[in-house]
Amino acid sequence: MQAKQSDLSQFALKDLPVTSYIDGAFIMETGTGWHPTYDPASGEVLTSIAIADEAIVDAAVDSSARALKVWRAMLPAERARALMRVAQLIRRDAEYLAKVESLDSGKPLREAKGDIETSARYFEYYAGVADKFEGTSIPLGPNFMSFTVREAVGVTAHIIPWNFPLVTTARGVAPALAAGCTAVVKPAEQTPLSALLLGPLMEEAGIPRGVYNVVTGPGSTTGSPLVSHSKVAHVTFTGSVSTGKRVMHSAADHVASVTLELGGKSPIVVLGDSDLDAAAEGVMKAIFMNAGQVCSCGSRLIVEKSIAPALLDKVIASAKAMKGGRGIDNPELGPLISDRQLATVASYVQKGRERGLEALCGGDFMNVPGLEGGYFYQPTLLMCPDASDPVVQEEIFGPVLAVQVAQDFDEVMALANGTDFGLVAGIYSKDASKGLRFARDVDAGQVFINQYFAGGVETPFGGTRNSGFGREKGLAALQNYSRLKTITSKI
Ligand code: NAD
């Protein structure tokens, strides 16, 4: 299907693009067939997207390789202005994009609106650095002149998950383009729409054709040939640990660099001296935003024993009061992305209860009147006295909070560092020294003190151990997309 015009406010929902976007157009070829996407709130088919095969992926990468020359030939200041215009156009169409994102992913509309604004902000932020890629001079004495220049790595591939479709796309593509790279994006097969809709906006902003291409389809048919492609110089992947490892193997075959953002099992710590209302509010947001389908969600509450009953009373009362609903109706809790994800979450809870874990609240499917086919799960708190339990150790990716009670600060630290993940860690305490000791000793890529999810597009983000490696966001992300060349001359 052909997208008719670039002004998104003109699109009707039924007119959404469903084929890959290559060289500035939604292509006619449909590859190996169609893949249905579902409205997570009802379980009904939303649309079907074309499954790009190897030939289409090849065409997208070739287009991005050709566009490299054009993009690099533009003055850095011109590139910066074009990226700034992308930010402006995303903001112009924010209302529409947010509705599409909410419909596609099931997330509450206010969260989708926040995502769209953050996506615009990525382009704005990296537009500001597109003309500031400076090298350094190296003193070698009077007979030599030596300096470094920063070069774009080339064609970059971006494998996007379904939990933050446009934000994750913008998070990788904006710094890549700012560095002078081109990008081929493969959105998740569950949520392809917003990345496709960004295509015409890129063109309207003056980004040359081929600088931003999108291939649609599942990982096995479309993602795999993209990350294996010999002309791809860097792969930015966000998703599961197992797929991340596979992607890394494929990239290794042609010696491409990778950034892996693989989720976590992040602790949110509440010490006995903390402001309990602020902490309870923080815990609610940490685990129930996007129905817990957040790589950096605080999915383990580690609470000091002295205040555990008081804190849990507050969190349980708030969790029980949450109402589910369709994303675009802005409910407190949206559905999970798919029946598969719903089954995964339900299975973790059911097996946990069979092992004797106590459900402090929730623990079952959520019935939302009128949306009986939707993928809803109750906000759930499971008391986990055994730190080796799978509910504590494994990423569930749903509205399920593992509760761990610690006797003192030493036990807090041991529990916080007690999984194979290291994405983020949060702590609530009025004692600044304890907050900083926690930050020093916890094994995580970023630490939030007294506000979970603190930070923004400016703050570097990435993991340790099974959470992956490499940093996105902030100036640090530019390292992924540029490399140094050292030039030394005898004079
Ligand atoms: P996944 O890792 O399989 O999918 C993520 C992306 O990778 C999708 O675009 C998918 O099409 C693509 N992909 C899959 N196989 C590929 C391959 N061989 N080559 C290239 N690309 C490939 O994740 P999933 O199956 O959608 O979800 C499973 C679990 O992953 C979730 O329960 C959750 O724990 C985790 N997850 C984490 C994040 C995160 O933000 N870190 C996001 C989504 C899912």
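Throughout, read-outs are computed from the coordinates displayed, never taken from laboratory work. A quick note: this is a predicted structure, and the numbers were derived from the prediction, not measured. Positions of Cβ are backbone-derived with ideal geometry, glycine not excepted, and every protein chain shown enters the neighbour counts.
With viscosity set to 1.002 mPa s and temperature to 20 °C, compute the Stokes-Einstein D of segment 266-456, Rh being the Kirkwood radius across alpha carbon pairs; µm²/s, no decimals.
130 µm²/s
How large is the charge dipole for the chain, taken about the Cα centre, if only the Cβ atoms of Lys, Arg (+1) and Asp, Glu (-1) carry charge, to the nearest 20 debye?
Working: 45 positive and 53 negative charges, 274 e Å.
Value, rounded to 20: 1320 debye.
Under a crude label model (7 Å from the Cα following the beta-carbon direction), how far is K245 from D441 in nanometres?
3.1 nm
Using the Cα centre of the chain as origin and beta-carbon charges of +1 (Lys, Arg) and -1 (Asp, Glu), tell me which of P192, V345, V315 is placed farthest towards the positive end of the dipole.
Of the options given, the answer is P192.
Taking the dipole about the Cα centre of segment 442-491, with the C-beta of Lys and Arg at +1 and of Asp and Glu at -1, give me whichever of T459, S489, A476 is farthest to the positive side.
Checked the options; the winner is S489.
May I ask you to list the lysines whose Cα is less than 20 Å away from that of K320, ignoring any residue fewer than eight positions away on the same chain?
K107, K285
What dipole magnitude, in Debye to the nearest 20, does segment 266-456 give about its Cα centre under +1 on Lys/Arg Cβ and -1 on Asp/Glu Cβ?
Working: 15 positive and 24 negative charges, 64 e Å.
Dipole about the Cα centre, nearest 20: 300 debye.
Obtain the nm distance between the two label points defined at K305 and E44 by a simple spin-label model: each point lies 7 Å from its Cα along the Cα-to-C-beta direction.
The answer from the label model is 5.4 nm.
On a C-alpha basis, how far is the centre of segment 469-491 from the centre of segment 27-52 in Å? Whole number, if you could?
The distance from the Cα centre of segment 469-491 to that of segment 27-52 comes to 39 Å.
Can you give me the Cα centroid spacing of segment 342-412 and segment 146-181 in angstrom?
35 Å
May I ask for the equivalent-ellipsoid semi-axes of the chain, computed as the square root of five times each C-alpha gyration tensor eigenvalue and listed largest first in whole Å?
Values: eigenvalues 289, 169, 72 Å².
Sorted largest first and rounded, they come to 38, 29, 19 Å.
Multiply the residue separation of E29 and V149 by 0.36 nm, subtract the distance between their alpha-carbon atoms, and state the gained length in nm to one decimal.
39.1 nm
Could you list the trypsin sites (Lys or Arg not before Pro) in segment 211-310 that lie in coil according to DSSP, counting only those with at most 16 other Cβ atoms within 10 Å of their Cβ? List each step's numbers first, then the result.
Working: sites: K231, K245, R246, K265, K285, R300, K305; in loops: K231, K265.
Passing both the DSSP loop test and the Cβ count: K231.
Find the relative contact order for the chain and round it to a whole percent, using C-alpha pairs within less than 8 Å whose residues are 6+ positions apart. Working shown, then result.
Working: 1186 pairs, mean separation 89.4, N = 491.
That works out to 18 percent.
Can you compute the charge dipole magnitude of segment 256-339 about its Cα centre, using +1 on each Lys and Arg Cβ and -1 on each Asp and Glu Cβ, nothing else charged? Give it in debye, rounded to the nearest 20. Let's see the in-between values first.
On the way: 8 positive and 10 negative charges, 44 e Å.
Using Cβ point charges on Lys, Arg, Asp and Glu, segment 256-339 gives about 220 debye.
What FRET efficiency would be calculated for the residue pair D329, L276, taking the C-beta separation as r and a Förster radius of 41 Å, to the nearest 0.05? Could you put the intermediate results ahead of the total?
On the way: r = 31 Å, r/R0 = 0.76.
The pair D329/L276 has a calculated efficiency of 0.85.
With a point put 7 Å past each Cα toward its Cβ, work out how far D420 is from S347 in nm, to one decimal.
Calculated label separation equals 1.7 nm.
In the chain, once you exclude exposed GluC sites (Glu not before Pro) (DSSP loop, at most 12 other Cβ within 10 angstrom), what's the longest stretch remaining?
Details: sites that count: E44, E134, E372, E458.
Here the longest run is 135-371.
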